Amino acid sequence: MTHTPSTTPGKYLDFFTEAGFRHLFGPPHAHLLADFLSCLLPDLRAPITDLHHLPGPSPDVGQPPGVSIIELDCVASDGSRFGVELHSTAHPYVINRSVFKTMSVYQETAGEAFDRGTRPPQVYTVALLNFNLEVSEAVVPVINMQLRNIDTGALFGDDIAIVIVQFPRFGKDLRDLVTRQDHWLYLLKHLKNLTALPDVLAKGFDDPVFREFLAVAEVDG
C-alpha cells in the first residue's frame, strides 16, 4: 500500500522552520538527534551516546547576507563534535561554509588533543538543505565528503567529515524505504503534511524512536 502525505498541514510541525528544527532536535530531544545522526554519518568510531548541545555561535558569524542558517552544535561523550545546520534559503556557499565550519571546530579540538598527546576527536558538519545544490555531481540526496586520495579513493583519516542532505532529491515513497536513513529522511521531508504515523508498519516505522518523534512533533503536543 502506498501512503501519500496529506496536502493539508496542521497536525505536525514543519521541520524546515527555525521553530520546528529547534524544537525537534534541540536540547530536550538530543537523543532523537543522536538517532538521526547515527544512521546518517560515515565512519563513526563509536556509537553516539550522551549527546549534549553547546552554546551556538553568534547568528551573524559566517552567514552570507540574506541567508537563513539555523545551527545546533553538539558534543558526544567521547568528545566527538557535531554541527547540524538547517539551510532553508538557497545560496551557493553551502560547501564552502561547511568546510569553514568543520575546520574551525577541528582547529580548536585538534589543538587541545595535540597538547594532551591524544588523538583528535571526530568533527562532523551536517548541512540539511530544503533546496538542491547547483552542482552537476550533486545528484544524490546524501553527499558524504571526507579527506581521500584523489588517485586511489583511499580514506586519509576519519577525523573530519561533511554530510550534505538535499531533501528535494529524496524521492522515495513508503514502498521504497529500506534503511533507517530512508525512514528518517521520509519523516523529516513530509512531516508537516503527515496526518498520522505512516501506516506501513512493516516498513520500519513501528519503532519507539519514531513514535516519540511524532509525539514531540505534534503542533498541540
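Couple of notes before you dig in:
- Debye log10 I(q)/I(0) for the chain, one point scatterer per Cα, at q = 0.08, 0.16, 0.17 Å⁻¹: -0.29, -1.19, -1.33
- Rounded to 0.05, the FRET efficiency of the E134 and A19 pair, given R0 = 35 Å and the Cβ-Cβ distance, is 0.80.
- Relative packing of peptides 110-118, 141-149, 82-90 - highest average C-beta neighbours within 10 Å first: 82-90, 141-149, 110-118
- When DSSP beta bridges are restricted to pairs lying wholly in the chain, around 55% turn out antiparallel.
- Stretching N149 away from T195 to a fully extended chain increases their span by 11.9 nm, per 0.36 nm per residue minus the current alpha-carbon distance.
- Restricting region 15-112 to trypsin sites (Lys or Arg not before Pro) that sit in a DSSP loop and have at most 12 other Cβ atoms within 10 Å of their own Cβ leaves R45.
- Taking θ as phi - 60° and the Karplus parameters 6.51, -1.76 and 1.60, the scalar couplings of region 34-51 work out to 4, 5, 4, 5, 4, 9, 9, 8, x, 6, 5, 6, 8, x, 6, 10, 6, 6 Hz in sequence order, x denoting glycine and proline.
Readers should treat all values here as calculations from the given coordinates under stated rules, not as data from a laboratory. Computed from a predicted structure; not experimentally measured. Backbone-built Cβ (ideal geometry, glycine too); neighbour counts: all protein chains shown.
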